[in-house]
Each structure stands twice: as C-alpha cells, then as structure tokens.
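Here, each number is a calculation from the coordinates, and none is a lab measurement. Treat the numbers as computed from the prediction; the structure is a model and nothing was measured. Cβ sites come from the backbone with ideal geometry, for glycine too, and all protein chains shown count toward neighbours.
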Amino acid sequence: MNGKHAIYRVYQALCAGMLRLFPAGRQTLVQGDGCITKIPELLKTHGIKAVQIITTPGTIRRGTIAPLLAHCKDAGIRTVLYTGVSPDPTVAEVEAAAECFFVSGCEAILAIGGGSVIDCAKVAGARAVKRDLPVGKMSGMLKIHKKLPLLLAVPTTAGTGSEVTLAAVITDETCHYKHAVMDYCLIPRYAFLDPGLSCSLPPDMTAYSGMDAMTHAVEAYCNRFCSPKMKAHAMKAVSLIGANLLTAYREPANKAARMNMLTGSYEAGIAFTNAYVGYVHAVAHGIGGLYHVPHGEANAILLPKVLAAYGSAVYEPLARLERKMRVSGGKPEREERMSGAESERDVRMEQEWRGKCAHPGRRMETARRRMPCWRRRLSRESAG
C-alpha cells in the first residue's frame, strides 16, 4: 500500500467512525399498494397548504399520480409541478426547481420518480435553505448543516435507494463532473414504497435500476468498514433482489415482485449510506458524467470486472452472499432454466438484457479510449 492509498484508508476509517457517531435523521417508512393516497392527510397534519411536486413528464403523461393530485385538491392542498428533471440531474435543473419552490410559495417538497428526481429534490431543498451556498460548494460531506423543508420521497424505480440515503448526485453540465452531496439533512422525512407506481417501468430500466441496487448491496457488504448491522441490511437486499429481479423484468405488473424490489433497494440504501460503495460506483459516476451512460447499466457492466480485480479479498463475502441467494430462491444466472410455459417474448427480453450487459456499445468504448481524461476524477471519488 503506497502513501496515497494509506491516506485514503485513514480518511475512509475516519468517515466510517463519524457515520456511527452522528445520529441519522428520523424517517417514517410507509409501504403498500396505493399508499401514496395517504400523502394529502399527512401534509395536512404538518399544516402544509402548498406542496411542490418534483417529477418527470413521463410520470404525468402515464397518469400514475392523477389520483394523488385529485386527493390533494380535495384536501385543499395546492400542488405545483416541476418536471424539468433529466436522467442525470444538472446544477441548472436544481436551481430552477429551487426557484420554482420560492416563487410559488410552497412549504414542502414531494419527489415522485427515480433516483434522479429524488436527488434533484434533495439538493433543491438544500438550495432553498442555503441560498448563499452553490451546489458546487455543497459537494462532499456535511456541508449544508441546516434543516430542509418537509421532504417526502416516492421512488418509482427500485435502484438508487435515494429515498433513504443522505446522498445526492448532481452533474455540473459545464464540466461534466458529478457532485456527490452528502448530509444527514438530505434524508427525506417520509418515504413511500408503492409497488403500483413501478409497474409501468420498461424492462431495460427495471434491469438497470435493479442492478444499481444490487451493486449498492454487494459493494457495501464487501467493504471492510461495514458493521454487522449494515451487513444484515445488505444481505437482506441481495436476497430480495436476487429472488425478484428477473420476475419483475419478465412480469412488469407483478406487484409482489415490485414490492420486494422496492424493499431490497431500500435496504441496500441503508447499507451503503453507512458502509460506502467502492470502485464500481467511482468508475460508473465518471463514465456517466462524461458520456451519459445509464448509471445502473454502467454498474452492471463494471461489477463483475471490479470484483474479479479484487480477487481473493472478496471470495469469502461473495460466497456468503451467493449462499444467501440460493436459500432465498435467487439462483445464479447460469442455473436459470426457461420452462416450456414461458413465452418467446420472455426469452427475447432476457437475451436483450444479457446482450446489453455484455456489450456496452460505443459510449463505453469511447470511455475506454478516453480513460486519461477522467482517471483523476475517479481517484477522488474512490477512497481506496
């Protein structure tokens, strides 16, 4: 271990100690099919009369939150929609969301979407209370130090775990750098896991987001600073995701599988918030910032390569995770057998998924050719 690596290890150990000393924000978890209809009454108990809903145009177009909007109207709660969030939320989008919050006179923020939407909502809330602190200055650990407006998170994908984490990732579009903003005040006060909202998620996004959650759990579990308590969360996440990801991929409307995936993503979020991720995410963030490769896709491609590079250091923890997947019914991919009852569409969809994971395409090839452009960025993101 050279001097630079030693410094990284000491820094990581100190941060791990800090995470155990600082109490996490108190969060209330609400889960179940249709649970988002409870949000208006919850807002009323907090005296909220106007709420900003940060989401995507697709969520509005599909009509999945139309019942929620109707319930808010019946409860006398004014809703203000902000839908300008891209798959890689930018500093400009955060600033626009924060300005919308102020101009419209809202008192709470409700994020409904994937990790991009929730991350944008978190940092927009931070900008709402820290008007003099730009997003770039928030990058890093514990830079905000101020309570956010009431923040509620409703994930529509089972991947990032952003609904329970203290982190948000925002891209600076001027230099294609991803800022990782981390502070306990970013943990949403309420998280709602409603499986019905993810049933319309396309198969490829189901795969990518599911592999993002799996990567969170595996990297957290293999981390040398992971406590026994966090290992239990990571193990539960691997068990749930391993047993349900292919079912959710093949049967999009299967609410039981969707609920298990949401729970697995949530458990993985708890684990990696307290135990970190590793080189897979460090490289994936660099690639995503420069080439806009979907984060879960990059993780799925990189995870086996990075684990192989770790070698014998991860053999034992990976063996434990694999045994847990077997017990929970999530067999390794090589043991999956397609039964005669499964349709040709299922076979084609699985082949497409495997093909995308095996052949990242031009964007990843370009990333490999331009490795020197972002190697230093990756060393800053990884801690060891």
Inter-label distance, nm, simple model (7 Å from Cα along the C-beta direction), A6/K147: 4.5
Can you pull the one-decimal nm distance between simple spin-label points at S227 and K49, each 7 Å off the Cα toward Cβ? 4.3
Looking at the square roots a ≥ b ≥ c of the eigenvalues of the Cα gyration tensor of segment 136-219, which shape do they give, rounded for a/c under 1.5, prolate if a/b is larger than b/c, or oblate? oblate
May I ask you to derive the FRET efficiency for R61 and R131 from their Cβ-Cβ distance with R0 = 41 Å, giving the value to the nearest 0.05? 0.80
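List the relative contact order of segment 188-332 as a percent without decimals, with contacts defined as Cα pairs under 8 Å and 6+ residues apart.
Details: 207 pairs, mean separation 48.0, N = 145.
Once divided by the residue count of segment 188-332, the mean separation gives 33 percent.
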Where a ≥ b ≥ c are root eigenvalues of the Cα gyration tensor, a/c under 1.5 meaning rounded, otherwise prolate if a/b exceeds b/c and oblate otherwise, segment 191-297 counts as oblate
Rounded if a/c under 1.5, otherwise prolate or oblate - segment 39-191, Cα gyration tensor axes: prolate
Cut-off under 22 Å on the C-alpha distance; same-chain residues fewer than 8 positions from K229 excluded. Which lysines are left, in chain and number order? K324
Across K49/K147; K49/K255; K4/K147; K44/K147, pairs whose alpha-carbon gap is larger than 24 Å: K49/K255; K4/K147
Just to be sure I understand the model, the point goes 7 Å from the Cα along the line to the Cβ. What's the resulting E41 to S200 distance in nm? 2.5
